Amino acid sequence: MGYEAFMNEAQAEVIDSDVDPGGKRQLLRVTMARDEDLVCLSVLCPSTARQYIIRVPPRCSHAIRRRRGLRASTILPTITR
C-alpha cells in the first residue's frame, strides 16, 4: 500500500494547505498510536497533473535538519532574545 492509499484509508487530517502554480498543496497528518505522527505533503505535478505524496518530518526542527542534510539528532544552535 502506498502513501496515497494509506492517507485516504486512514482519513488523514489536513493541517495546512495552499495553492501554487501546480495546484493545491496539502500538509496531511495521521496520528500513530505507538510512533511519531506520519506527516506528508500532497502536491500536484503541473505538467502531468499527477498527485505525489511526500513524507516530511512531523516536527519543524527535524524538517530544518533534513533540509540542511543533518541527522535528526544533530543539535542546532538556538537564538535567544
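Data overview
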| item | result |
| --- | --- |
| Total residues in the stretch 32-52, condition free of Cβ contacts under 8 Å to residues at least 12 places away in the same chain and in contact with a Leu (Cβ under 9 Å, 6 or more places away or on another chain) | 3 |
| The stretch 37-81, residues that are at pLDDT below 85, polar (S, T, N, Q) and in a loop (DSSP other than H, G, I, E, B) | Ser73, Thr74, Thr78, Thr80 |
| Residue list for the stretch 23-49, restricted to those being over 18 Å from Glu4 (Cα atoms) and small (Gly, Ala, Ser) | Ala33, Ser47 |
| Test: residue in the stretch 27-36 that is surrounded by 14 or more Cβ atoms within 10 Å (Cβ to Cβ) and at pLDDT below 90 | yes |
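The values are calculated or read from the model by the stated rules, or taken from the named source; none is laboratory data. The shown structure was predicted, so the numbers you read here are calculated from the model rather than taken from an experiment. Backbone-built Cβ (ideal geometry, glycine too); neighbour counts: all protein chains shown.
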